[in-house]
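Structure record follows, encoded as structure tokens.
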Amino acid sequence: MDQGHTFNNDLTSLMDRLDLKILRPLQKQAFLCNAKCCDSSGSSQEVQQCMLKCTGKVEQMNQVMSQELKQFQNQLMSCGRRCQESAQESMYMSGDRQPSEKEMEKLQGQVEKCAGNCYEQYRKLLPKLAERISSHA
């Protein structure tokens, strides 16, 4: 199994745990709150306002999770771009000549190794991502 696949599995597992531990209890609270709103004898507008208040925490947590994940993925992609840029710089340094097939294979191997290091580096940061998200709960 390659490092990218392992990373994706670990990230998916983390997001599933956060969903179960944080998001679902908030969703349950919101649904129960919404049910109480519907028991109200208030106007339609009052019930709607009540329901909006109930779902606020869920929406806020969804937004936090989305933003944190997006930032994390952007940082990982930036690491991968640095790998590509390093390989392009190496090709540029070879001068005007076209790199040989062997040189291209070597550069590709370097890019893959570098990208693997990115995955490993960011895989180790997954617990910090979980902490940041959990701190908003």
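Size descriptors for region 29-137: radius of gyration and Dmax over Cα atoms are 25.0, 81 Å. With Cα atoms defining each centre, region 1-16 and region 31-52 are spaced 40 Å apart in the structure. When you count the other C-beta atoms within 10 angstrom of each residue and take the mean per peptide, 52-58, 15-21 line up highest first as 52-58, 15-21. Sites listed here are trypsin sites (Lys or Arg not before Pro) in region 91-137 whose DSSP assignment is loop and whose Cβ has at most 13 other Cβ atoms within 10 Å: Arg97, Lys124. Normalised by the number of residues in the chain, the mean separation of alpha-carbon contacts (under 8 Å, six or more apart) gives a relative contact order of 40 percent. Phi angles of region 39-45 translate, via the Karplus equation with coefficients 6.51, -1.76, 1.60 and θ = phi - 60°, into HN-Hα couplings of 6, 5, 9, x, 5, 4, 5 Hz per residue; Gly and Pro are given as x.
Applying the Karplus relation 6.51 cos²θ - 1.76 cosθ + 1.60 with θ = phi - 60° to region 109-124 yields 3J(HN,Hα) values of x, 5, 4, 5, 5, 4, 4, x, 5, 4, 4, 5, 4, 7, 5, 5 Hz, where x marks Gly and Pro. 3J(HN,Hα) couplings calculated from phi for region 13-19 with the Karplus curve 6.51 cos²θ - 1.76 cosθ + 1.60 (θ = phi - 60°) are, in sequence order, 4, 4, 5, 5, 5, 5, 4 Hz; Gly and Pro show x. With the helix formula -39500 (n - 2.57) applied to DSSP H stretches of n ≥ 4, the chain reaches a computed 222 nm mean residue ellipticity of -29000 deg cm²/dmol.
None of the figures in this text is laboratory data; all of them are computed from the coordinates on show. Computed from a prediction, not measured in an experiment: that's the story for all the values here. Reconstructed Cβ throughout: ideal geometry from the backbone, glycine too, with neighbour counts over all protein chains shown.
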